[in-house]
Amino acid sequence: GRPAVVETKVIGRSVNGRAIVAYRAGDPESPNKVVAMSTMHGNEPHTRRILASIRDGRPVTGVDLWLVPVVNPDGLARHTRKNAHGVDLNRNYPYHWRDLDGSYESGPGPASEPETRALMAFFDEVRPRRVVSFHQPLHGVDVSTARSRPFARRLARYLDLPRKRLTCGGVCH
């Protein structure tokens, strides 16, 4: 089995009906709730291995940790950045949403995509203190946001990655 997993939940479905699965690891009673997610862009498949290694590894202690290894299962299946509607899910969240085209297509409106809505509902339910979103090949931890900078610095140290200011061209959410 998976000794770290204490709960498994389908939190939603992709455009093409693929399950988006969350795995709860650690201590459900811990007030320190964290969601770690990856493969928001289907052409960034390797980061899901980080979460799979936690999911399939030893029991986790001291944190209520939810793992969402594949946010964009349709993009992963097609090896494309975008979901099956051609939307960059990282640009689809309502926070500072803008109508973007091309590689960063943000969709017809904020939270237009089922994957985005599934994660938003999941966040509302879990109410995590921190959210970690793994991307590749940026090779660093984003420390550009003042509010999350202390956590980002600790994460960079623990992951042995450089600290960087990753602005995503000012359009990621």
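The values are calculated or read from the model by the stated rules, or taken from the named source; none is laboratory data. Since the structure is predicted, the reported quantities are computational estimates derived from the model, not experimental observations. Here the Cβ positions follow ideal geometry from the backbone for every residue, glycine too, while neighbour counts run over all protein chains shown. Side chains included, ligands, DNA and RNA excluded: accessible areas come from the protein's heavy atoms. Shrake-Rupley method; radii C 1.70, N 1.55, O 1.52, S 1.80 Å.
Points worth noting:
- With semi-axes defined as the square roots of five times the eigenvalues of the C-alpha gyration tensor, the equivalent ellipsoid of the chain measures 24, 20, 15 Å, largest first.
- Summing Lys and Arg as +1 and Asp and Glu as -1 over all other residues whose Cβ lies under 11 Å from the Cβ of TYR104 gives a net charge of 0.
- Other residues with beta-carbon under 12 Å from the beta-carbon of LEU65 carry, at +1 per Lys or Arg and -1 per Asp or Glu, a net charge of +2.
- For region 89-139, a/c is not less than 1.5, where a ≥ b ≥ c are the root eigenvalues of the C-alpha gyration tensor, and a/b does not top b/c. That puts it in the oblate class.
- Under 5 Å between amide hydrogens, built in the peptide plane, is the criterion, and for VAL6 it picks out ARG24, ALA25, GLY26 among residues at least 5 positions away or on other chains.
- Relative contact order [Cα under 8 Å, 6+ residues apart], the chain, whole percent: 23 percent
- Other residues whose C-beta falls under 12 angstrom from the C-beta of PHE123 contribute a net charge of +3, scoring Lys and Arg +1 and Asp and Glu -1.
- Under 5 Å, built H, 5+ apart or other chain: amide partners of ILE20: ILE11, GLY12, ARG13, SER14
- Gyration tensor (alpha-carbon) shape descriptor, region 32-95, a/c threshold 1.5: oblate
- Rounded percent of accessible protein surface that carbon and sulfur make up, region 1-95, 1.4 Å probe: 52 percent
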